[in-house]
Amino acid sequence: MTDYEAARDVWEFEKSYSLKPRAWISHAVSLRYSAEALLLYDEEVFDRIFRAKEQPRLPAFFSPNVERMLLGFSLENLFKALILMSAENARRAFAKQGNLAWSVASHDLLKLAASANVPLNREEEHLLDVLSTCAIWAGRYPLPMNEHQFPRRRKGAPHREMLNRRRRKEFERAMKAGTEILRCKHDQLHTNIGGTELDCYRQLFDRLLLEIETRGNNAP
């Protein structure tokens, strides 16, 4: 006789809970606000060092890709909640006893969105591409498993005038297409999270929560 529950019994209990969207929503919310807490600390460090001339509570550190990793994981939880709301998807995911298997790459948010039947606009697709990269490696390690996982890097320009011409052409193309200028992924991975990026994330997060609620209300 043992004082511990059998692994299979624990699995079956947790599985029954994890088939409910609220299990995934709870993790999504925790991940989101963990990332937002880091963002708030970034602001505190700036205020203490440059305004109050005080030492921050922790040493300053550059963490935007860690924040993006957490944001990506939060959306991953919401997409998986939507996927498991389909009885057929849930059956396939738990087809092997004692295991959970996804039909698509687990951290590929674009594929998860497609599997969850969630339409995306151009800005959301770009955001999910960046967040996926951080979830897979850029928020966890200094380099990926192989060279092909590095985002494409634009060639440098020999002088500022060429950079300005390139930027003007990008602006003109975006104006003609009626879309926003999207920063290349390589550049974005080397900068802090801006207001536009955070707004896009928050709007998508809230939209996914609403989609979960809507599908739950429309379930037979």
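We did not get these values from a lab; they are worked out from the coordinates using the rules stated. The shown structure was predicted, so the numbers you read here are calculated from the model rather than taken from an experiment. Note that we place each Cβ from the backbone using ideal geometry, even for glycine, and neighbour counts take in every protein chain shown.
Before moving on, here are some points about what is shown:
- The simple Förster model, with R0 at 45 Å and r as the Cβ-Cβ distance, assigns ALA95 and ASP47 a FRET efficiency of 0.30.
- GNM result for the chain, Cα springs below 10 Å: residue of LEU71, LEU38, LEU128 fluctuating most strongly: LEU38
- Ranking of CYS134, CYS200, CYS184 by count of other Cβ atoms within 10 Å, fewest first: CYS184, CYS200, CYS134
- Listed pairs LYS15/LYS111; LYS20/LYS185; LYS20/LYS96; LYS15/LYS185 exceeding 31 Å between Cα atoms: LYS20/LYS185; LYS15/LYS185
- Normalised contact order of the chain, rounded percent, pairs of Cα under 8 Å and 6 or more residues apart: 22 percent
- The stretch between LYS20 and SER34 holds 2.8 nm of extra length on full extension. This uses 0.36 nm per residue minus the Cα-Cα distance.
- In order along region 110-115, phi translates into HN-Hα couplings of 5, 5, 5, 4, 5, 5 Hz, rounded to whole numbers, per the Karplus curve 6.51 cos²θ - 1.76 cosθ + 1.60 with θ = phi - 60° and x for Gly and Pro.
- Exposure proxy ranking, count of Cβ atoms within 10 Å, fewest first, for THR214, THR133: THR214, THR133
- Dipole moment magnitude, nearest 20 debye, the chain about Cα centre, only Lys, Arg, Asp, Glu C-beta charged: 1040 debye
- Between the helical axis of 64-84 and the longest alpha-carbon principal axis of the chain there is an angle of about 40 degrees.
- Qualifying trypsin sites (Lys or Arg not before Pro) in region 18-96, where qualification requires a DSSP coil assignment and no more than 16 other C-beta atoms within 10 Å, comprise LYS53, ARG57, LYS96.
- C-alpha long axis of helix 122-133 to longest principal axis of the chain, angle in °: 70 degrees
- Span from the region 115-141 Cα centroid across to the region 191-220 one, whole angstrom: 13 Å
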